[in-house]
Amino acid sequence: MNPINEIAKIAHHVPLKELQDIHQRITDWVAGGGNEDDPYIWQQLRYAKRFVGE
């Protein structure tokens, strides 16, 4: 499972402001040398899931 793909699947349930924040955090993380499957990205997925009740 890829956390970014999982965020994309539930994005339509996440309020725009929070989705933009998640996107910016992931972009900054990867641009700073982080990987797309780092624990920080999984944390962003858990945050997004709060809006869909998972």
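The values are calculated or read from the model by the stated rules, or taken from the named source; none is laboratory data. No experiment lies behind these values; they were computed from the predicted model shown. All Cβ positions, glycine included, derive from the backbone under ideal geometry; neighbour counts span all protein chains shown.
Below are the figures for this structure:
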| quantity | calculated |
| --- | --- |
| The lone exception for Gly53 - which of (1) of a type outside the set (Ser, Thr, Tyr); (2) touching a residue at least 40 places away in the same chain (Cβ under 8 Å); (3) not in a helix (DSSP H, G or I) it fails | (2) |
| Sole exception among (1) surrounded by 15 or more Cβ atoms within 10 Å (Cβ to Cβ); (2) of a type in the set (D, E, K, R); (3) in a loop (DSSP other than H, G, I, E, B) for Arg25, by number | (3) |
| Region 32-49 residues that are in contact (Cβ under 8 Å) with a residue 24 or more places away in the chain and farther than 10 Å from Asn2 by Cα, paired with ones that are among the aliphatic types (A, V, I, L, M) and assigned to a loop (DSSP other than H, G, I, E, B) (beta carbon under 6 Å, 6 or more apart) | Ala48/Val14 |
| Given (1) at pLDDT below 95; (2) in a helix (DSSP H, G or I), number of the condition Trp42 does not satisfy | (1) |
| Glu6 surrounded by 15 or more Cβ atoms within 10 Å (Cβ to Cβ) and acidic (Asp, Glu) | yes |
| Single unsatisfied condition, Ala48 versus (1) surrounded by fewer than 10 Cβ atoms within 10 Å (Cβ to Cβ); (2) under 10 Å from the mean Cα position of the chain (by Cα) | (1) |
